[in-house]
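Some notes on the structure that comes next.
Read-outs throughout are calculated quantities, based only on the coordinates presented, and are distinct from any laboratory measurement. Quantities reported herein were computed from a predicted structural model and do not represent experimental measurements. All Cβ positions, glycine included, derive from the backbone under ideal geometry; neighbour counts span all protein chains shown.
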Amino acid sequence: MDRSQYTELTFLERVDFAEDLALFRMKAHDPVDFTPGQYATLGLIENGDDRPLLRPYSVGSSPGSTDLEFFIERVDDGALTPRLWNLVRGDEVWMRKKIVGRFVLDESQSHHVMAATVTGVAPYVSIVRAQREALEAGELDTRHRFLILHGGSRSWELGTYQDELSSLAQQVDWLDYVPTVSRPWEDPNWTGEVGRVEDVLRKHLDAAGFPPDDTAVYTCGHPKMIDKAQGIFERAGIEEEVIHEEKYFVERATS
Ligand SMILES: Cc1cc2nc3c(=O)[nH]c(=O)nc-3n(C[C@H](O)[C@H](O)[C@H](O)COP(=O)(O)OP(=O)(O)OC[C@H]3O[C@@H](n4cnc5c(N)ncnc54)[C@H](O)[C@@H]3O)c2cc1C
């Protein structure tokens, strides 16, 4: 194994949102640079393995920091995620030095409709945090306008991102955030939007009133939502070159 391709992160903490959903905080030795929206490749070496078991994870934090944040779902029979849940503070996590991916802000457009299932919000969080920081630092002339749709079965699955994005949306005029819950009967206090992301996407796309010739659309997370959203975007007349997607996995064939 060529160790020079990797950097070691220190696991700091896991913040649980549900039994199988959590925010992971890690610390790097040096500030980590990337374009918001990209993914890191994380891995663990255990039991004398000679190479880490690796998986890609979107980075939720903004670039240029030693603090890295990931929003991860545990797949109970998965190879890596159950091991991630066993990490204790101070453990070592491997990360490929190169943070990569093309799921980044489409700078050719200034309006952006972003749809996510649960953990798929991570790249949008990074993009929005980066814009907020750049605006606060006076480093940005043009501000992009965002509508983020974020779906989960129950509201707590959306984690602290729901509070962060809702509260930012109240403070600035360039962000709208719509959390939506598909199992409201299991979440009796929920008063927000109801349905899967793909069920409410067309309604919010139309309501946003974004100019069709200056809007990019994005989907991230569960492949089923992404496939359904693709059809909705096509029927809404959105050009293929401004439709961006990041599928987190391929669904297993059912027998
Ligand atoms: C570009 C990219 C970015 C990603 N970013 C994230 C992220 O930010 N957060 C995150 O949690 N995951 C993310 N993923 C998914 C992640 O890389 C792993 O696939 C996932 O964590 C499962 O890893 P595992 O080793 O535990 O399971 P594996 O052993 O790799 O998976 C076994 C099987 O489980 C199924 N599976 C995998 N993930 C899921 C899931 N979430 N729900 C249901 N079935 C699943 C697949 O069919 C897979 O074949 C991303 C994937 C890609 C391609």
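Here are the numbers for the structure shown:
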{"read-out": "Net charge of neighbours whose Cβ lies under 11 Å from the Cβ of Ser182, counting Lys and Arg as +1 and Asp and Glu as -1", "value": "-3"}
{"read-out": "Counted charge near Asp2, where neighbours are those whose Cβ lies closer than 14 Å (Asp, Glu -1; Lys, Arg +1)", "value": "+4"}
{"read-out": "Net length gained if the chain between Glu239 and Ser167 were fully extended (0.36 nm per residue, minus Cα distance)", "value": "22.7 nm"}
{"read-out": "For the chain: relative contact order, % (alpha-carbon pairs under 8 angstrom, 6 or more apart)", "value": "18"}
{"read-out": "17 Å cut-off, amide nitrogen to a point 7 angstrom out along Ser110 Cα→Cβ, residues in region 169-190", "value": "173-176"}
{"read-out": "Kirkwood hydrodynamic radius (C-alpha pairs) into Stokes-Einstein, region 111-247, 4 °C and 1.567 mPa s, D in µm²/s", "value": "85"}
{"read-out": "Nearest-20 debye value, region 3-96 charge dipole, Cβ charges on Lys, Arg, Asp, Glu", "value": "240"}
{"read-out": "Rounded tilt (10° steps) of 197-208 against the dominant C-alpha axis of the chain", "value": "50"}
{"read-out": "Low-density loop positions, trypsin sites (Lys or Arg not before Pro), region 4-62 - DSSP coil, at most 10 other Cβ in 10 Å", "value": "none"}
{"read-out": "Estimated inter-spin distance, Glu139 and Asp214, nm [label 7 Å along Cα→Cβ]", "value": "2.5"}
{"read-out": "Candidate lysines - alpha carbon under 18 Å from Lys98, same-chain residues fewer than 8 apart omitted", "value": "Lys27"}
{"read-out": "Range in the chain, longest, excluding exposed GluC sites (Glu not before Pro) [loop by DSSP; at most 11 other beta-carbon atoms within 10 Å]", "value": "140-250"}
{"read-out": "Rounded to 10°, Cα long-axis angle of helix 159-171 versus longest principal axis of the chain", "value": "40"}
{"read-out": "Extension reserve of the Arg154-Asn189 stretch, reckoned as 0.36 nm per residue once the Cα distance is removed", "value": "11.6 nm"}
{"read-out": "C-alpha long axis of helix 122-136 to longest principal axis of the chain, angle in °", "value": "80"}
